[in-house]
1. Which order do 397, 294, 201, 99 fall in if you start with the one that has the fewest other Cβ atoms within 10 Å?
2. Report the antiparallel proportion of the DSSP beta bridges in the chain as a percent, rounded to a multiple of 5.
3. Can you pull the semi-axes for the chain, root of five times each eigenvalue of the Cα gyration tensor, sorted largest first, whole Å?
4. Taking the Cα atoms only, what angle lies between the long axis of helix 241-259 and the longest principal axis of the chain, rounded to 10 degrees?
5. Taking just the alpha carbons, could you work out the radius of gyration and Dmax for region 10-124, both in angstroms?
6. Where the centroid of each part is defined by its Cα atoms, how far is region 251-282 from region 34-90 in Å?
7. Over the Cα atoms of region 266-422, what radius of gyration and what Dmax do you get, in Å?
8. With 19 Å as the cut-off, how large is the P(r) tail for region 325-383, expressed as percent of Cα-Cα pairs?
Ligand SMILES: *Cc1c(COP(=O)(O)O)cnc(C)c1O
């Protein structure tokens, strides 16, 4: 195939046609990619009772949640509002795991009354549950294993200086509270952040939980959270699911033998399931030559995709409308009044005003972290499902942006003097 014949397609649908139909900037998700990721995670684990819970915060769109539900997986939420959306999507309360991090007590009570599976993240919370409900609500315990691995400082959550979870050094205190109030402990959980280097880390974490499981004879599940690394560019390291699955499954089977019965082995992937499925399509406003750099200025920015500025994340960029152009070096930047760089010194086929670029791996923590900074609308979202693009969220409008604002001066203005009012 000639490069000039190249068409960037999702499920056979031309990406440029999607851009034409729905406008730019636009988030586009490929349902098949999500389904494929769930399948590869499932097939990597053998001989264990595997349960996958989608970490909803990665991409919180109702249709995405329904797609997850249709694949037979459960869901993990971090706020009661995420739980409400999960209920709207058709999940049963018992399929929803709620993992607070220092959330207010009234919200925790609401979660319990909704019937969610609570994952307690602190000793004070455990004590409050014991005092208020005694043995009435079964809980899981989020343990911090004091293992610093996985990604950069901003995304590590399992080290001893992290706010997350109950430190494993408090094993005795946890057990004392559980016994004092007869709290039913049905699950043990660890989530140590993203981007593990290898499966050894998972095995180390697993050992912490297998060890602690001895304190709790009525466990229904052990949850290893997430931490799967996805590749952002050619040659990038990513979690080898088959290697991980084989090693963790073996360790888990022998744990179940020692424990005396089968328990569920859970994971809570967010990024792994949705990152690759998502593309942020943007239009090129201006190509600006400065003495030292050439800037590609697009009609989006850190308001729509904050990962490059927040985590120094790399997002691969394609020039969808001019794939055969001569390669040049560009800085791809947003339109926000703030340093707002998507990519530095990026080699791209010649970029012209009006071109359509695709920022890849934009499904996870893209739209869900988007804001209205600079009073910009958030983009529309499209899900390509069954070979057709479907609008799954409308583009915001100016009316959406001012909704909820209260103008305390409008009456006063009228009162000053009738003939001064414009
Ligand atoms: C964010 C989060 C996840 C998902 O992490 P990914 O890196 O997106 O896979 C899983 N579990 C909990 C408790 C989380 O907070």
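No value in this document is a laboratory result; all are computed from the given coordinates. What you see is a predicted model; the values in this text were computed from it and never measured. Reconstructed Cβ throughout: ideal geometry from the backbone, glycine too, with neighbour counts over all protein chains shown.
1. 397, 294, 201, 99
2. 45
3. They are 41, 29, 19 Å, listed largest first.
4. Helix 241-259 and the main axis of the chain meet at about 20 degrees.
5. 17.0, 54
6. 10
7. Calculated on Cα positions, Rg and Dmax stand at 19.8, 69 Å.
8. Roughly 41 percent, once rounded to a whole number.
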